[in-house]
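The values are calculated or read from the model by the stated rules, or taken from the named source; none is laboratory data. Note that the structure is a prediction, hence the values are computed from the model and not measured. Positions of Cβ are backbone-derived with ideal geometry, glycine not excepted, and every protein chain shown enters the neighbour counts.
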Amino acid sequence: MTGAEEQSAALRRLVERLDDTAGALAAVRGALAAAWDDAAGREWSDRLDLVRRATDRLAADAAAERLRLDALAPDPERPPTAPGPIGTRTTDRRGVVAPLLPPLDPDR
């Protein structure tokens with residue numbers, strides 16, 4: 001596994017845990033709202049809702065970072081390409097060779 005693949009896998013696990021946490025917070029908020037129906041209960045429900053939304057945002061940020069890492073990872077189905085120009089040496093001459101025009105036809 002490469003470093004990017006390990007980071008992607010760790011981010012996937014983080015997103016899963018954050019999603020589980022957001023679900024648990026929503027359940028606690030629902031139970032609290034049902035059991036504590038007054039101003040103090042609504043205040044605590046609102047606080048739990050803020051924490052749940054922050055957890056959802058963290059999960060979304062981690063998922064976006066994972067997608068960014070996955071986009072940078074090489075595609076295993078596509079063979080790697082060599083950087084820079086590729087060519088075949090046809091002579092032993094080295095260096096840049098400027099193309100030459102054919103000699104002018106004197107009969108024209």
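Here is how the numbers come out for the structure above:
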| quantity | calculated |
| --- | --- |
| Verdict on ALA40 being over 25 Å from the mean Cα position of the chain (by Cα), hydrophobic (A, V, I, L, M, F, W, C) and surrounded by fewer than 16 Cβ atoms within 10 Å (Cβ to Cβ) | yes |
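Yes or no, residue by residue, for (1) out of contact with any Asp or Glu (no Cβ under 6 Å at 6 or more places or on another chain); (2) in a helix (DSSP H, G or I); (3) of a type outside the set (Lys, Arg); (4) at pLDDT 95 or above:
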position: ALA4; (1), (2), (3), (4): yes, yes, yes, no
position: ALA33; (1), (2), (3), (4): yes, yes, yes, no
position: TRP44; (1), (2), (3), (4): yes, yes, yes, no
position: ALA63; (1), (2), (3), (4): yes, yes, yes, no
position: PRO74; (1), (2), (3), (4): yes, no, yes, no
position: ARG78; (1), (2), (3), (4): yes, no, no, no
